[in-house]
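Here the structure comes first, spelled out in structure tokens, and everything after it is commentary.
The values are calculated or read from the model by the stated rules, or taken from the named source; none is laboratory data. None of the values given here were measured: they were computed from a predicted structure. So basically every Cβ, Gly included, is an ideal-geometry build from the backbone, and we count neighbours across all protein chains shown. All accessible areas refer to the heavy atoms of the entire protein, side chains included, with ligands and DNA or RNA removed. Shrake-Rupley method; radii C 1.70, N 1.55, O 1.52, S 1.80 Å.
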Amino acid sequence: MTEQPVLELVDLVAGYRTRHGLLGKRGLVRAVDGVNLTVGAGETVCLVGESGCGKSTVARAVVNLLRPVSGEVRFAGRSLAGMDRRELRAMRREVQLVFQDPYASLNPRMTVRELITEAWRIHPGIVPRERWDAEVAELLERVGLNPAHAARYPHQFSGGQRQRICIARALSVRPRLIVCDEAVSALDVSIQAQILALLGKLRDELGVAYLFITHDLGVVRHFADRVAVMHLGKIVETGETEQIYSSPAHPYTQALISAAPSVDDWRDRGDDEIMLRGDVPSPSNPPAGCRFHTRCWKADERCHTDEPALEQRGVGHPVACHYASVDTGLKAETRPR
Amino acid sequence: MSDGALLEVSELAVAFGDLRAVRGVSLTVEKGQTLAIVGESGSGKSITSLAVMGLLPAQAKVVGGGITLDGVSLLDLAPDELRRLRGEELAMIFQDPLSALNPSLTVGYQIAEMFRRRRGASRAAANERAVEAMAEVGIPDAAGRARSYPHEFSGGMRQRIMIAMALALEPRLLIADEPTTALDVTVQAQILRLLRERQRAGLAMIIISHDLGVVARTAQSVIVMYAGQAVESGTVAEVYDAPAHPYTLGLMAASPSARTSRRGIRPIDGNPPDQAALPTGCAFHPRCPFARERCRTETPPLRRLPSGRASACHFAEEVLAHDRTAGA
Ligand SMILES: Nc1ncnc2c1ncn2[C@@H]1O[C@H](COP(=O)(O)OP(=O)(O)OP(=O)(O)O)[C@@H](O)[C@H]1O
Ligand SMILES: Nc1ncnc2c1ncn2[C@@H]1O[C@H](COP(=O)(O)OP(=O)(O)OP(=O)(O)O)[C@@H](O)[C@H]1O
Ligand code: SF4
Ligand SMILES: [Mg+2]
Ligand SMILES: [Mg+2]
């Protein structure tokens with residue numbers, strides 16, 4: 001690859017200090033435990049996985065809201081840890097975060113115009129003041145809002161429109177990377193599709209890259225160039241989107257995909273999907289060996305003790321499973337129920 | 001009234017003051033069958049089901065129509081009779097599972113209390129039945145977990161406990177409002193399987209969901225709501241194979257699927273309607289690719305189509321003939 005990736009995560013470990021636990025000792029929940037991930041310029045990489053697996057923690061580390069325990073976040077080849085204040089300021093411009101709840105991230109007392117121009121006030125030089133009105137109108141138009149509504153307040157918009165305001169705001173600083181953390185999850189299907197179409201258009205027109213975080217496997221399949229499947233703080237499988245969906249090789253990915261109900265496949269009542277038994281283990285006390293072994297139908301002794309590395313295992317893309325195989329190895333009658 | 005009808009809702013209208021949240025909805029649930037309600041956020045799905053349960057918010061009023069369970073009009077029942085019915089004949093799983101559990105009582109106690117109060121079971125017998133009910137919804141070590149408090153369970157477990165409570169007194173009709181929306185797909189799969197098993201054992205259900213895939217995995221028939229009205233109804237097979245209303249067509253095209261490679265999802269243009277200022281004529285017309293002049297002035301009634309299904313579109317025949325692969 002000749003072009004410098006926008007974002008590189010190198011052995012990223014990040015988490016939270018806790019007080020409870022045995023004997024009330026201070027501990028560290030390693031919510032993200034050794035993640036490597038690259039997002040190229042203009043590329044869309046989706047991070048998927050169950051609730052609590054560490055997706056938002058990755059997002060927080062990327063936008064510098066959370067300092068990594070170890071490892072590196074590199075932006076355009078430069079490590080965040082090594083940046084001086086000026087560089088950090090510039091970085092804050094180039095990486096934007098869009099959250100699930102658009103209302104919580106918009107100050108209710110600011111008009112749309114104020115919300116969008118806020119960053120221009122903080123970072124003079126992005127847009128000269130005499131261009132503000134024209135630029136606000138253009139941004140609103142771009143995200144499908146009426147420029148005449150610039151003087152309105154967030155509560156005067158619907159949920160989908162508020163998410164558009166957040167996107168307009170993120171775009172106002174001309175970022176190279178937008179981190180979307182469940183940015184479409186709370187929206188109605190019809191509006192979700194509008195926002196995805198908008199993000200796709202911005203990618204094509206402006207070359208924005210996305211680190212797109214979601215638990216919705218349908219959205220991922222239609223939006224991502226590449227997918228990283230995360231389980232309990234680690235990436236267990238990664239590759240081109242169609243590769244992962246057509247030949248998932250990690251049992252966890254296989255379970256996720258088989259369990260996702262689909263409108264296209266509606267005749268499938270799901271009677272032979274792979275059912276995972278048991279609860280998701282906690283990152284404060286992860287299982288030894290392969291962290292998936294407590295729920296895995298392929299697990300044997302080795303999985304209880306040896307942690308499988310994320311590497312090429314003859315399936316065409318990296319997988320972290322000792323028994324990686326495109327075949328689930330399940331006969332219908334032995335499927336876990 | 002058809003033979004196996006357990007619940008009949010006819011021309012139900014519910015208003016919050018001047019705001020008409022539900023505007024003439026009719027539906028039938030047959031014994032042992034599942035009906036799904038899908039539709040845009042704010043279209044009246046929850047309010048319709050709360051009306052059936054007799055649990056409307058205080059500001060809401062039923063302003064028209066009827067609701068009968070096995071021929072008995074629920075709207076005419078005295079409050080204590082309705083209370084008896086709830087739990088015994090009718091049960092509901094709410095959109096937010098935490099709000100329905102008491103945080104300061106153990107989960108086992110809360111389930112056991114239902115058996116004591118409703119069935120006059122002794123303390124010991126009630127506790128035993130509570131553990132059974134929890135085991136039945138797949139909670140491991142149910143006897144031990146019965147002594148845990150709601151916050152000590154994961155979201156998926158709490159949802160299963162809600163289902164255990166709803167099913168405990170063996171109701172004839174269960175209304176499940178977005179029962180899996182907050183859950184991971186793996187947990188969702190477990191819960192949908194549980195509901196399917198109960199359905200096979202004779203439970204009738206109404207399942208509310210915005211996820212057409214979830215609906216397909218549980219229901220036999222479906223009604224599609226838009227702006228307080230049913231705009232389409234039919235069997236799941238009929239509606240999914242060939243939608244007869246442009247909104248349904250749009251909804252299907254907008255739903256991303258994990259099972260098919262990039263077919264491209266197509267958004268529905270425009271915004272959901274403002275319930276306080278609905279468009280004239282057909283409420284969907286500002287967003288509808290099929291709309292003509294007539295749609296702006298004339299409200300299309302929900303009318304039967306030859307196959308027995310129904311659509312509230314002036315041009316339902318045209319929509320039916322529309323080739324979905326070609327794009328709207
Ligand atoms: N502020 C915090 N303090 C302590 N633990 C936390 C904190 N925030 C998150 N965690 C824990 O870290 C783990 C990862 O959380 P994270 O929010 O990254 O998950 P997620 O994958 O984004 O989940 P979801 O899909 O539910 O948003 C979880 O076990 C969570 O309980
Ligand atoms: N307590 C309330 N006071 C006033 N209006 C209400 C209240 N609850 C609901 N409404 C209105 O009634 C209409 C129907 O609401 P309902 O909750 O049935 O929608 P829904 O179809 O269940 O949506 P969702 O998919 O978002 O749950 C909405 O337009 C809503 O604004
Ligand atoms: S009646 Fe008209 S506006 Fe309404 S759905 Fe049919 S074609 Fe569209
Ligand atoms: Mg998160
Ligand atoms: Mg609702």
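Whole number in Å², please: accessible area per residue of the range B:89-244, 1.4 Å probe, ligands, DNA and RNA not counted. Please report the intermediate quantities before stating the final value.
Working: 5470 Å² over 156 residues.
Dividing the accessible area of the range B:89-244 by its residue count gives 35 Å².
First compute the accessible area of the range A:61-219 with a 1.4 Å probe, then give the percent of it belonging to carbon and sulfur atoms.
47 percent
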(Q) Just to be sure I understand: of the beta bridges DSSP finds with both ends in the protein assembly as shown, what percent are antiparallel, rounded to 5? (A) 60 percent
Q | Where Rh is the Kirkwood radius over Cα pairs, Rg/Rh for chain B | A | 0.99
Q) Just the C-alpha atoms of the range B:99-170: what Rg/Rh do they give, with Rh taken as the Kirkwood radius? A) 0.92
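Of all DSSP beta bridges located in chain A, what percent are antiparallel, nearest 5?
The answer is about 60 percent antiparallel.
Sorted by average packing, counted as other Cβ atoms within 10 angstrom per residue and highest first, what order do B:32-38, B:123-129 take? The partial results should precede the final answer.
Values: B:32-38: 23.0, B:123-129: 15.4.
Taking the mean over residues of other Cβ atoms within 10 Å, the ranking is B:32-38, B:123-129.
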Q) Residue by residue through the range B:17-22, which ³J(HN,Hα) values in whole Hz follow from phi under the Karplus form 6.51 cos²θ - 1.76 cosθ + 1.60 (θ = phi - 60°), with glycine and proline marked x? A) x, 7, 7, 8, 7, 10
Q. What translational diffusion coefficient, in µm²/s and rounded to a whole number, does the Stokes-Einstein relation yield for chain A at 37 °C and a viscosity of 0.692 mPa s, taking the hydrodynamic radius as the Kirkwood radius over Cα pairs?
A. 153 µm²/s
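Per-residue ellipticity at 222 nm for chain B, helices alone: DSSP H runs ≥ 4 residues times -39500 (n - 2.57), over residue total, nearest 500 deg cm²/dmol?
Calculated at 222 nm, the ellipticity per residue is -9500 deg cm²/dmol.
Length gain on complete extension for the stretch A:Arg152 to A:Asp300, per 0.36 nm per residue less the alpha carbon to alpha carbon distance?
Working: separation 148, 0.36 × 148 = 53.28 nm, distance 6.02 nm.
Gain on stretching A:Arg152 to A:Asp300: 47.3 nm.
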Q: Could you work out how far helix B:107-119 tilts from the main Cα principal axis of chain B, as a 0 to 90 degree angle to the nearest 10?
A: 90 degrees
Q.
Using only the Cα atoms of the protein assembly as shown, what are the Rg and Dmax in Å?
A. 26.0, 79
(Q) Quick check: the angle from helix B:123-136's long axis to the longest principal axis of chain B, C-alpha only, nearest 10 degrees? (A) 40 degrees
Q: Compute the distance in nm between two label points, each set 7 Å from the Cα along the Cα-to-Cβ direction, one at A:Arg131 and one at B:Ser122.
A: 8.4 nm
Q: Using Cα positions and a limit of under 16 Å, work out the aspartates and glutamates in reach of B:Lys31, with same-chain residues fewer than 8 apart set aside.
A: B:Asp3, B:Glu8, B:Asp70, B:Glu88, B:Glu89, B:Glu170, B:Glu197
Q | Where Cα atoms sit under 28 Å apart: lysine pairs in chain A separated by 8 or more or lying on different chains | A | 7
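Tell me what chain A gives for mean residue ellipticity at 222 nm when only DSSP H runs of n ≥ 4 count, each as -39,500 (n - 2.57), the sum divided by the residue total, rounded to 500 deg cm²/dmol. Provide the component values of the computation, followed by the final result.
Details: 10 runs with 98 residues, N = 337.
Value at 222 nm, helices only: -8500 deg cm²/dmol.
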Q) Can you run phi through the Karplus equation (6.51, -1.76, 1.60; θ = phi - 60°) for the range A:65-76 and list ³J(HN,Hα) in whole Hz, with x for Gly and Pro? A) 8, 9, 7, x, 6, 7, x, 9, 10, 10, 10, 6
Q | Inverse of mean 1/r across different Cα pairs in the range B:246-327, Kirkwood, Å | A | 14.1 Å
